[in-house]
Amino acid sequence: MEQQAKRINLIVATIVVAQFFCISVWFASNAVVEDLCLHFNLPASYAAHLTTLVQLGFIAGTLVFTFFSIADRMKPKWLYFGSAVLAALFNYSIVFELGNTGFILLFRFLTGFFLAGIYPVGMKIAADYFEKSLGKTLSFIVSALALGTALPHLIKYLGIGLNWEGVFTVTSVLAVTGGVLMLFIKDGPFRKKAQNIQLKETVKLLRNEQFKLGSFGYFGHMWELYALWVFTPVILNQYLDFHTAYDFNVSLWSFLIIGLGVIGCIVGGRIAHNRGASKVAFASLHLSLICCLMFPFVFYSSPMLFIPFMLFWGIVVIADSALFSSLIANSVTRELKGTALTVSTCIGFGVTIVSIQFVGILNSYFSNPIVFVIMALGPIVAIFYSRFLNR
């Protein structure tokens, strides 16, 4: 029994590390966007566009994967490995400088496309091993998402003399390494392979009440999460521009604000294991909503209050992510878990495009902290639907 527990723990650890390495390509451009804009003579608006293209690619990938039920028909670890290698290839391709800035957007799009075979498939692999404790397990998977997203900021901070090409190189090598690690994972005991393309079954998801409630809660959560992650360096730079007497390293604090979401994921997952995923998600949404509404006031405070506030926001904003994913996975039959997670993730990232662009446009016109209150719309919607999950 003890040996079995150790084996399961090793599997979880392998999945988490693989996700951590592979997700690092997601925000590689976001960490060095100023260097990219300077090197390629791009306007500042490219900051939002580069992230948006990754999100669009991810959505396109999840649509293809969903239409062909790829995540439920192929061996998950091989799908994950192939996607990791291709995501790494297109992430690194920017380094070749092909002379047309349109290639930068194309490569970011293709990187996002193959991330669709990484993030939701990693959750699918975990779902094949766990049912009752899925929420707790997915909390570790999503914590890898937070750390992987933050990692390029840390690479930039630690890489003294490391240029933007170095950030893309390191993240690509990590992604391939993560793909190789996943090859050591065998099929889980709860995996049930789908034999055919399941369009009818996929459509039935829309009539599944628990799936819809969990998904709408997830969509609201995503509206806020990625807008905060994308604009964290922007917020910190605007803070320093306004408070000229203060100074701190933006890359380091961007890493910490995003990366400390690990605490929210793990603590939220542990509490949810005893109290229930919907209740903990509901509480987390309220905390992140309070942060959204308080931000314009805290922005004008000293770093002694501002920095801890941003760290706390980074922790609570993602604490409910794994919980919604577990609610979605547990709302469907075994053979549809991969498709359900892919569908909800696809739509959720579609929501992030709208929020990122909306916040970006408002901020470019007004450049005022009140702009970021618009992120509160996400947790408000999610709280509304989470009430019914509690019932």
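Brief remarks on what is shown
- Taking every Cα-Cα distance in the stretch 210-271 and sorting them into 5 Å bins starting at zero, the pair-distance distribution P(r) comes out as 4, 15, 17, 19, 18, 11, 8, 5, 2, 1, 0 percent.
- Checking the cross-link pairs Lys212/Lys337; Lys77/Lys156; Lys6/Lys186; Lys77/Lys212; Lys186/Lys212; Lys75/Lys212 against a 19 Å limit on the alpha carbon distance flags Lys77/Lys156; Lys77/Lys212; Lys186/Lys212; Lys75/Lys212 as lying beyond it.
- Note on Tyr246/His286: beta-carbon distance plugged into 1/(1 + (r/R0)^6) with R0 of 25 Å gives a FRET efficiency of 0.25.
- Helical mean residue ellipticity (222 nm; -39500 (n - 2.57) per DSSP H run of 4+; nearest 500) of the chain: -25500 deg cm²/dmol
- For the stretch 276-316, the convex hull drawn through the C-alpha positions has a volume of 49 cubic angstrom per residue.
- Counting other Cβ atoms within 10 Å as a rough exposure proxy, the listed residues Thr169, Thr111, Thr177 run Thr177, Thr169, Thr111 from fewest neighbours to most.
- Diffusion constant of the stretch 309-353 at 25 °C, which comes from Stokes-Einstein with the Kirkwood Cα-pair radius and 0.890 mPa s, µm²/s: 208 µm²/s
- Taking the Cα centre of the chain as origin and assigning +1 to Lys and Arg Cβ atoms and -1 to Asp and Glu Cβ atoms, the resulting dipole is close to 1700 debye.
- Under the simplified labelling scheme, the Glu97-Lys186 pair shows an inter-label distance of 5.0 nm, with each label point 7 Å from Cα along Cα→Cβ.
- Shape summary of the stretch 220-371, radius of gyration then Dmax from alpha carbon positions: 16.8, 58 Å.
- Scanning the chain for long hydrophobic helices, with DSSP H runs required to stretch 30 angstrom or more by C-alpha along their axis and to average at least -1.0 on the Kyte-Doolittle scale, returns 2-23, 46-67, 134-158, 209-242, 277-298, 337-366.
- Size of the chain: Rg and Dmax of its alpha carbons, in Å, are 19.8, 64.
- Exposure proxy ranking, count of Cβ atoms within 10 Å, fewest first, for Tyr218, Tyr80, Tyr239, Tyr246: Tyr246, Tyr239, Tyr218, Tyr80
- Around the amide H of Ser301, modelled in the peptide plane, lies no amide H under 5 Å away from a residue 5 or more places distant or on another chain.
- Sequence of Cys37, Cys22, Cys291, Cys346 once ranked by neighbouring C-beta atoms within 10 Å, starting from the fewest: Cys37, Cys346, Cys291, Cys22
- Reported to the nearest whole Å, the Cα centre-to-centre distance from the stretch 76-114 to the stretch 325-391 is 25.
- Inter-label distance, nm, simple model (7 Å from Cα along the C-beta direction), Leu311/His39: 3.2 nm
The numbers here are math on the coordinates, done by the rules we state, and not lab data. Since the model is a prediction, treat every value here as computed from it, not as a measurement. Every residue, glycine among them, receives a Cβ derived from its backbone with ideal geometry; neighbour counts consider all protein chains shown.
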